[in-house]
Amino acid sequence: VSGSIARTLYDRLNECGIACSADFNDCTYEVDLREYEQRVGSAPVVIAAVDDDYMKSAFCMMELALVFKNGNAENRLCFVRLTDRQKFSPDEQKNNENYWNGRLNELDEKIKDCSTNKCYVNERKYIETILKHLGEIWEFVNNKVTLGADELAKDSWSAVIMDVKKKMGLDLNSKNSAIKTSMDGRAIYNSNGGKINVFNGSTTFNGPVTF
């Protein structure tokens, strides 16, 4: 989620008692970014705010691709549109696919010319994963008719908050959903004490909703 929008929405969700994780809070100096991405991809609810820059960001698109790789994306992914238009055109989709294929070709050339090419090989794996799920991502983005960020903000992001609650099986009428995390931040419990998810690994993950 982009900049100030992410922080505003993060604050609103916390006001409603919904624990969140966001890179601007949780990606500290010693965080394992690969592990963080995997956790975003497998989180119970993921919020994606999509615009042209997002669709060309390897970090954002890798997280989104992992959501689809892990399955049940329709019931886990909340979509916020940052562009003025409801859909991306077929030409825009094709241009985006060409962009990622071009990145892949550039990396292949770097791998050939570089004796220590591990970093390029890892980046190539990123882009391969993005391309593998790109069709699903575009289908999801263009099939979701949603208000833009400006319209959503007018109502204090209520539509997004309701969508998050619905996906998590929470009381839609409750002002405070009482989401609780375990002491180590890895076990997530809903308002009736049921466990939503357990995160394994060393990185502290501060909530079931991720940006």
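Could you check the spin-label model distance between K166 and K110? Points 7 Å from the Cα along Cα→Cβ, value in nm.
Going by the 7 Å Cα→Cβ label model, 4.1 nm.
For the cross-link pairs K69/K110; K132/K166; K69/K118; K56/K87; K56/K132, which exceed 18 Å when the distance is taken from alpha carbon to alpha carbon?
Details: K69/K110 27 Å; K132/K166 29 Å; K69/K118 24 Å; K56/K87 16 Å; K56/K132 15 Å.
Listed pairs above 18 Å: K69/K110; K132/K166; K69/K118.
May I ask you to rank D150, D11 by accessible area, largest first, using a 1.4 Å probe over the protein chains only?
From most exposed to least exposed: D150, D11.
Could you sort L13, L82 by their accessible area in this structure, using a 1.4 Å probe and putting the largest first?
Details: L13 0, L82 45 Å².
Result of the area sort, largest leading: L82, L13.
Along the Cα-to-C-beta direction of T8, a point sits 7 Å from the Cα; which residues of the stretch 149-167 have their amide N less than 20 Å from that point?
It comes to 149-165, nothing else.
Round to the nearest 0.05 the FRET efficiency obtained for N173 and D150 when R0 = 22 Å and r is the Cβ-Cβ distance.
0.25
So how far apart, in nm, are the two label points at L131 and S158 if each is 7 Å from Cα heading toward Cβ?
Calculated label separation equals 4.6 nm.
Once you put a point 7 Å from the Cα of V121 and another 7 Å from the Cα of N143, both along the Cβ direction, what distance in nm separates them?
Label at V121, label at N143, 3.7 nm between them.
Probe 1.4 Å, all protein chains in place: accessible area of E92 in Å², nearest 10?
Counting only protein heavy atoms, the figure is 60 Å².
The values are calculated or read from the model by the stated rules, or taken from the named source; none is laboratory data. The structure presented is a predicted model; accordingly, all values stated were derived computationally and were not measured. We place every Cβ from the backbone using ideal geometry, glycine too, and count neighbours over all the protein chains shown. Note: areas computed on protein heavy atoms with side chains; ligands, DNA, RNA excluded. Shrake-Rupley method; radii C 1.70, N 1.55, O 1.52, S 1.80 Å.
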